[in-house]
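Structure record follows, encoded as structure tokens.
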Amino acid sequence: MGAQVLDGKACAAEVEGQLASRIAHLSEANVTPHLAVIIVGDDPASHVYVNAKIRACERLGVRSTHVALPSDTSEADLVGHVEALNERPDVHGILVQSPLPSHMDEERITDLIDPSKDVDGFHPVNLGRLVQGRTDGLIPCTPHGVMKMLEWAKVDLQGKRAVVLGRSRIVGMPAALLLAAKGADATVTIVHSRTENIADRCKEADIVIAAVGRPTMVKAGWLKPGAVVVDVGINRVDDETRERGWRLAGDVDPEAANVAAWLSPVPGGVGPMTIAMLMSNTVRAAETQSGFPGE
Ligand code: NDP
């Protein structure tokens, strides 16, 4: 077990600590950052995520509004809630928890959120900025958290080969853009379900970001010795030794710790960072909307 731990909890605590002074600064001008979270339906995992986000708000003195709607809510009703929150000057951030029930068009809802309040960073305006190489806007929380963890571990990315497994608009694609952006300067390969010889692609990489949603897919033998490995995956797998009958597994086989220089754990890796970066986006949104210069 040689790899050093890319400790998401410690890194998230640092990010949250840095936010405290910005929140205090806003408060001197009578501004309290305010995040509104909408959840539709009763998916247990989504409720766990939303509760963790609300708890983070409480920890940091960020105001939160929790809108819980039944699973048979109509799309028109949800649209009404988003539009009302867009109009409220006291609400700085709006997040609609994914996944939405199947009768709703998730992209349509994302497109409706005021881009300046889009703390998930999924609106085409915010993703478009990222494509332009502008990394000072509202950046998707999970890939932003991954970049912060790499910075925390002082991983030199310049000129290094990075492989991102997964090309979703939530994780894989923005992670690839951030790694390739000027300033980070990695050379990036994106791997997806149609990629051939994935193990060979990984073996060439100095940095591997795994975001496929396939438990323990990335094996120790796929890695170059000394690689930096960030495991974004959160997968529930059966485990009869646990009272609840399951445990969480990442996309990376834990044996990878015998080969990698750094490896992020699951849980306790990217998960806490996603929440910390959501808080960071909420504070940034409050600063921007209140005319503060920000960081
Ligand atoms: P998606 O299902 O949207 O995307 C998965 C990606 O992985 C797709 O691009 C898909 O390729 C690719 N993929 C799937 N199977 C394979 C395979 N066998 N070989 C190669 N590529 C494959 O997932 P997300 O991006 O939303 O999430 C990925 C993981 O990250 C999940 O486990 C999720 O729970 C976790 N997650 C964790 C977060 C955190 O805070 N830690 C936050 C968000 C997600 P294709 O495009 O070809 O279909």
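The numbers here are math on the coordinates, done by the rules we state, and not lab data. Model, not experiment: these values are computed from the prediction. Cβ placement follows ideal geometry from the backbone for every residue including glycine, while neighbour counts extend to all protein chains displayed.
Structure above, values below:
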| quantity | calculated |
| --- | --- |
| Test: residue in region 160-179 that is surrounded by fewer than 19 Cβ atoms within 10 Å (Cβ to Cβ), more than 9 Å from the ligand (Cβ to nearest atom) and under 18 Å from the mean Cα position of the chain (by Cα) | no |
| Residue check, Cys11 in a helix (DSSP H, G or I), in contact with a Phe, Trp or Tyr (Cβ under 6 Å, 6 or more places away or on another chain) and under 17 Å from Met277 (Cβ atoms) | yes |
| Within region 83-108, tally of residues that are within 19 Å of the chain's Cα centre (by Cα) and assigned to a helix (DSSP H, G or I) | 2 |
| Residue within region 268-289 that is assigned to a loop (DSSP other than H, G, I, E, B) and touching a strand residue (DSSP E or B) at 6+ places or on another chain (Cβ under 7 Å) present | yes |
| Any hit, region 206-219, residues being away from the ligand (no atom under 16 Å from the Cβ), assigned to a loop (DSSP other than H, G, I, E, B) and over 21 Å from the mean Cα position of the chain (by Cα) | yes |
| Residue ID - farthest from the ligand (Cβ to nearest atom), chosen from residues in region 121-152 that are surrounded by 18 or more Cβ atoms within 10 Å (Cβ to Cβ) and of a type in the set (Val, Ile, Thr) | Ile139 |
| Verdict on Val155 being surrounded by 23 or more Cβ atoms within 10 Å (Cβ to Cβ) and either over 30 Å from Ala84 (Cβ atoms) or not polar (S, T, N, Q) (or both) | no |
| Test for Leu157: is it within 29 Å of Leu95 (Cβ to Cβ), in contact (Cβ under 8 Å) with a residue 12 or more places away in the chain and assigned to a helix (DSSP H, G or I) | no |
